[in-house]
Amino acid sequence: MTIRILLIDDHTLFRSGIRLLLQRQNDFEVVGEAADGVEGIKRAKALHPDVILLDLNMPGLSGLDTLQLLVQDLPEVAILILTVSEEADELAQALRDGARGYLLKNIEADTLSAAIRDAAAGKSVIAADMTAKLVAQFRTQPRTTPLPTVAAEHDKLTPREREIVQCLVRGESNKEIARHLDVAESTVKIHVQNILKKLGLSSRVQVAVYGVGHGLG
């Protein structure tokens, strides 16, 4: 299946570079570009892409305002924030407003491609560097702030799975976890999948937040 992608970013050279990068993938088609939020919304409504890569810092209509309007008009489209901003507040707001993921512009090409495929498949994707910041924000918020509510299933986790939850709380990637625990990266992926299943969660970020809320990290 071909994943149809729309780029919304005010930097022409950056859009051109991303387009060239994505077009190397046989399953990607960049169907359009836009230099600002207003134009991006018009293109999105006309083209109905599967995934939108959206910058936050744009002149005129902001990225977050654009996101809200896109989610309102095209709720079925997966929107990935692709930005230089490492502010936890903007990350949290983007997720609350309906973004499928939050990525930084220093991302590796293969990681970006994988994130687009995951987003198109309905998964949430967050830059590993930002996961730790999001968790830190939850740590400092008052306890009255709602956290993801999941039944206390962590007693089902094995000791190794608990170790991996602690690593996720710290925002470590699979590669970093594998190095830290001296196991294969493929083994880490299997453990993460088992953790998600046991806790009834759908993303690494939710596991990290769950870990903080239940004293596992």
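Applying the criterion of being over 18 Å from LEU103 (Cα atoms) and hydrophobic (A, V, I, L, M, F, W, C) to the residues of region 31-51, the residue that is surrounded by the fewest Cβ atoms within 10 Å (Cβ to Cβ) is ALA46. If you go through region 61-112 and keep only what is farther than 18 Å from ARG204 by Cα, under 15 Å from the mean Cα position of the chain (by Cα) and hydroxyl-bearing (Ser, Thr, Tyr), you end up with THR83, SER85. A count restricted to region 1-37 and to residues that are outside any loop (DSSP other than H, G, I, E, B), without any contact (Cβ under 8 Å) to a residue 24 or more places away in the chain and not hydroxyl-bearing (Ser, Thr, Tyr) stands at 5. Within region 149-185, restricting attention to residues that are modelled with pLDDT of 90 or more and small (Gly, Ala, Ser), the residue that is surrounded by the most Cβ atoms within 10 Å (Cβ to Cβ) is ALA178. With the checklist (1) touching a Gly at 6+ places or on another chain (Cβ under 9 Å); (2) over 23 Å from ALA128 (Cα atoms); (3) modelled with pLDDT of 95 or more in hand, flag the one item LEU7 doesn't pass. Looking at each condition in turn, LEU7 falls short on (2). Filtered by the rule that a residue be out of contact with any helix residue (DSSP H, G or I) (no Cβ under 8 Å at 6 or more places or on another chain) and open to solvent by less than 80 Å² (accessible area, probe 1.4 Å), region 1-11 gives THR2, ASP10.
Residue-by-condition table, conditions (1) touching a Leu at 6+ places or on another chain (Cβ under 7 Å); (2) at pLDDT below 95:
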site: GLU29; (1), (2): no, no
site: LYS42; (1), (2): no, no
site: ALA46; (1), (2): no, no
site: ILE52; (1), (2): yes, no
site: LEU64; (1), (2): yes, yes
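Scanning region 94-107 for residues that are buried (at least 18 other Cβ atoms within 10 Å of the Cβ) and small (Gly, Ala, Ser) turns up ALA94, ALA99, GLY101. Within region 52-68, the residues that satisfy the criterion of being part of a helix (DSSP H, G or I) and open to solvent by 50 Å² or more (accessible area, probe 1.4 Å) are ASP65, GLN68. The residue that is farthest from VAL125 (Cα to Cα), counting only those in region 197-217 that are open to solvent by 10 Å² or more (accessible area, probe 1.4 Å) and of a type in the set (A, V, I, L, M), is LEU216. Being surrounded by fewer than 18 Cβ atoms within 10 Å (Cβ to Cβ) and more than 14 Å from LEU82 (Cβ to Cβ) is the requirement here; does LEU21 meet it? No.
When region 40-51 is filtered for residues that are in a loop (DSSP other than H, G, I, E, B) and among the aliphatic types (A, V, I, L, M), nothing remains. Candidates are the residues of region 108-135 that are free of Cβ contacts under 8 Å to residues at least 24 places away in the same chain and of a type in the set (A, V, I, L, M); the one that is least open to solvent (accessible area, probe 1.4 Å) is ALA114.
The values are calculated or read from the model by the stated rules, or taken from the named source; none is laboratory data. As the structure is a prediction and not an experimental result, all values here were calculated from the model. Glycine gets a Cβ as well: all are built from the backbone with ideal geometry, and neighbour counts include every protein chain shown. Ligands, DNA and RNA are stripped out before the accessible areas are found, and what is left, the full protein with its side chains, is counted by its heavy atoms. Shrake-Rupley method; radii C 1.70, N 1.55, O 1.52, S 1.80 Å.
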